[in-house]
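Readers should treat all values here as calculations from the given coordinates under stated rules, not as data from a laboratory. What you see is a predicted model; the values in this text were computed from it and never measured. In this analysis, Cβ positions are derived from the backbone assuming ideal geometry, glycine residues included, and neighbour counts consider all displayed protein chains.
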């Protein structure tokens, strides 16, 4: 039992979103402010890997929370996007960050 807890309890969760579907959602809803992984409102907080890591946003869960609830100048997309769309955007953002946008 302890082996199972160690083996599975600390495993990182698989990405739930579909990055290909997320690309379409991102293009339609996010690209105006985050074109090419940038940030037109706050240039210090981009979607680039280094900034995502710096601001504790380099996980699907963190991005889902940000997109769902909004924060500061970023609006909430709760009610505008489905949970699946938001998960797909998170997967896309992380995939693009890994590629360097």
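When 76, 82 are screened for being over 14 Å from residue 34 (Cα atoms), without any contact (Cβ under 8 Å) to a residue 12 or more places away in the chain and in contact with a helix residue (DSSP H, G or I) (Cβ under 7 Å, 6 or more places away or on another chain), only 76 passes.
Please go through the stretch 58-69 and pick out each residue that is within 20 Å of residue 97 (Cα to Cα) and surrounded by fewer than 17 Cβ atoms within 10 Å (Cβ to Cβ). Those that are within 20 Å of residue 97 (Cα to Cα) and surrounded by fewer than 17 Cβ atoms within 10 Å (Cβ to Cβ): 59, 61, 62, 65, 68. The set of residues from the stretch 63-83 being under 12 Å from the mean Cα position of the chain (by Cα) and part of a strand (DSSP E or B) is empty. Does the stretch 36-57 contain any residue that is touching a strand residue (DSSP E or B) at 6+ places or on another chain (Cβ under 8 Å) and buried (at least 17 other Cβ atoms within 10 Å of the Cβ)? The answer is no, given that none of the residues of the stretch 36-57 is touching a strand residue (DSSP E or B) at 6+ places or on another chain (Cβ under 8 Å) and buried (at least 17 other Cβ atoms within 10 Å of the Cβ).
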